[in-house]
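Visitor: The structure is given below, and queries will be raised subsequently.
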Amino acid sequence: MKNKLCLVLILFLSSISLNAEELRISINELSKNISKYKIIDVRNAESFLNGHIKGSINLPVNLTYDNQRIDGKIVKPNKIQGVIRNLGLDINDEIIVYDSGIFYDASRVFWTLEVYGFKKVKLLNGGFNKWESEDYPISTKVLKVKQSNYVASINNKRLSTKFTTQIATKNPNQVIIDARGYNSYIGKESLAKRFGHIPKAIHIPAVHNLEEKDNTTQLKQINDLKELYKNVNKDKKIVLYCAIGRVASTNYFALRELGYNVSNYDASWKEWGNDNNLPIINKSKVSN
């Protein structure tokens, strides 16, 4: 009987580890193991040069977009390959990503790295603001790195497109989540020429993944995230979108931690809402 109970416990714990994985790291944990990781600061170059976590390299979040003014489409393989090589990053590196603490930009870079094949990426919970506020050491030194031989390849399981999102609207085995604010979802506001949301999309705003704690923005605890997504079927593929694939990356990160099969639609509403050939619902009479 005792052996059977042990076996059941082992199987239970194994199922937990397969379904969820902690992809965040605390300020304290990083400070104790800082030499173990490649650390990426995703703030702009000016902020980086004014002070960053010692040993960080700078990958400004704007470099993850093909053309941010048009839509949120992810940077093309040939460009990201050059960027990553110049940062000295290899596919098997253990990487920590951080922004100022808003989480959206760090999540965007986290998602981009996963799209381009990196499998050992974590986010610093609290970001640079929390690191600085707790008086951990800051550096202005720019690290010299040796160029890597990274070759770009796309993990299509993590990237949704206009075409695959169209399929998701008709596939009962896929769930679409709109991560924008409420007014955007119901059609009162829009960054595109049309107002409303993608058919079948449910609404879970990106901000609901976050909480204010110790005067900084941090990701909610795992149990709170489980509660947030309790009605989302874990057996289905999840497609996320927002305005330009930025804030939805926060939902992407949370769902990755919870063990969901999830992808992010990069061009998001900026593309979908501007294409008159694509269906929308809850269209507002407001025009811009």
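The values are calculated or read from the model by the stated rules, or taken from the named source; none is laboratory data. These numbers were taken from a predicted model, which means no experiment stands behind them. Counting neighbours? That spans all protein chains shown, and the Cβs are built from the backbone with ideal geometry, glycine included. Quick note on the areas: whole protein, heavy atoms, side chains included, nothing else; ligands and nucleic acids left out. Shrake-Rupley method; radii C 1.70, N 1.55, O 1.52, S 1.80 Å.
Visitor: Using 0.36 nm per residue, how much length does the chain from T169 to N231 gain when fully extended, once their Cα-Cα distance is taken away?
Guide: Once the chain is fully extended between T169 and N231, it gains 20.5 nm.
Visitor: Rounded to the nearest 500, what is the chain's calculated 222 nm mean residue ellipticity when only DSSP H runs of at least 4 contribute -39500 (n - 2.57) each, over all residues?
Guide: -9000 deg cm²/dmol
Visitor: Skipping prolines and chain starts, which residues have an amide H placed within reach, meaning under 5 Å, of the one on E189, given they are 5 or more residues away or on another chain?
Guide: S184
Visitor: Could you list, bin by bin from short to long, the percent of Cα-Cα pairs of the stretch 155-232 in 10 Å steps?
Guide: 15, 38, 36, 10, 1
Visitor: Using amide H atoms built in the peptide plane, which far-off residues or other-chain residues are under 5 Å from L89 H to H?
Guide: Those lying under 5 Å, H to H, from L89 are S148.
Visitor: Okay, next question. Add +1 for every Lys or Arg and -1 for every Asp or Glu among the other residues with Cβ under 11 Å from the Cβ of K220, and state the total.
Guide: -2
Visitor: Using only Cα positions of the stretch 136-194, each an equal point scatterer, no hydration layer, compute I(q)/I(0) via Debye at q = 0.28 Å⁻¹ and quote the log10 values to two decimals.
Guide: Values returned for q = 0.28 Å⁻¹ are -1.24.
Visitor: If you don't mind, another one. Quick check on my link table: of K38/K76; K32/K237; K73/K146; K79/K237; K130/K220; K76/K157, which ones sit more than 25 Å apart, alpha carbon to alpha carbon?
Guide: K32/K237; K73/K146; K79/K237
Visitor: Let me ask something else. Using the heavy atoms of the protein chains and a 1.4 angstrom probe, tell me the accessible area per residue for the chain in square angstrom.
Guide: With the other protein chains kept in place, the chain gives 51 Å² per residue.
Visitor: Among F48, S133, I281, whose Cα sits farthest toward the positive end of the charge dipole of the chain (+1 at Cβ of Lys/Arg, -1 at Cβ of Asp/Glu, about the Cα centre)?
Guide: I281
Visitor: Further question on the same structure: Could you give me the radius of gyration and the Dmax of the chain, taking only the C-alpha atoms into account and expressing both in angstrom?
Guide: 19.7, 70
Visitor: In whole Hz, with x marking every Gly and Pro, tabulate ³J(HN,Hα) for the stretch 50-66 from phi via Karplus 6.51 cos²θ - 1.76 cosθ + 1.60, θ = phi - 60°.
Guide: Working through the residues one at a time gives 6, x, 8, 5, 3, x, 6, 10, 9, 10, x, 4, 4, 6, 8, 9, 6 Hz.
Visitor: Going from most exposed to least, what order do H203, H208, H52 have by accessible area with a 1.4 Å probe?
Guide: The ranking, largest first, comes out as H208, H203, H52.
Visitor: Which residues' amide hydrogens lie under 5 Å from the amide hydrogen of N261, considering only partners 5 or more residues apart or on another chain, with H built in the peptide plane?
Guide: Those qualifying (amide H under 5 Å, at least 5 residues apart or on another chain) are I238.
Visitor: Using unit Cβ charges (K, R positive; D, E negative) and no other charged atoms, how large, in debye to the nearest 20, is the dipole of the stretch 136-203 about its Cα centre?
Guide: 220 debye
Visitor: Further question on the same structure: Rounding to the nearest 20 debye, state how big the charge dipole of the stretch 146-288 is about its Cα centre with +1 on each Lys and Arg Cβ and -1 on each Asp and Glu Cβ.
Guide: 440 debye
Visitor: Rounded to whole Å and sorted largest first, what semi-axes of the equivalent ellipsoid does the C-alpha gyration tensor of the stretch 43-151 yield via the square root of 5 times each eigenvalue?
Guide: Semi-axes from the Cα gyration tensor: 22, 17, 13 Å.
Visitor: What would the Debye equation give as log₁₀ I(q)/I(0) for the stretch 168-288 at q = 0.09, 0.13, 0.19, 0.20 Å⁻¹, counting only Cα atoms as equal point scatterers?
Guide: Treating every Cα as an identical point scatterer, log10 I(q)/I(0) equals -0.24, -0.50, -0.99, -1.07.
Visitor: Tell me which trypsin sites (Lys or Arg not before Pro) from the stretch 103-169 have a DSSP coil assignment and no more than 16 other beta carbons within 10 Å of their own.
Guide: K119, K120, K141, K144, K146, K157
Visitor: Still on this model: Between D224 and N155, how high is the FRET efficiency from 1/(1 + (r/R0)^6) when r is the Cβ-Cβ distance and R₀ = 41 Å? Nearest 0.05.
Guide: So, using R0 = 41 Å, E works out to roughly 0.90.
Visitor: How big is D for the stretch 65-219, in µm² s⁻¹ as a whole number, if Stokes-Einstein is applied with the Kirkwood radius of its Cα pairs at 20 °C and 1.002 mPa s?
Guide: 118 µm²/s
Visitor: Roughly speaking, to the nearest percent, how much of the chain's 1.4 Å accessible area is carbon and sulfur?
Guide: On the chain, the fraction of accessible area on carbon and sulfur atoms equals 51 percent.
Visitor: If the only charges are +1 at each Lys and Arg Cβ and -1 at each Asp and Glu Cβ, what is the size of the charge dipole of the chain around the Cα centre, to the nearest 20 debye?
Guide: Magnitude of the dipole: close to 840 debye.
Visitor: Give me the compactness ratio for the stretch 112-170, meaning the Cα radius of gyration over 2.2 N^0.38 Å.
Guide: That works out to 1.75 for the stretch 112-170.
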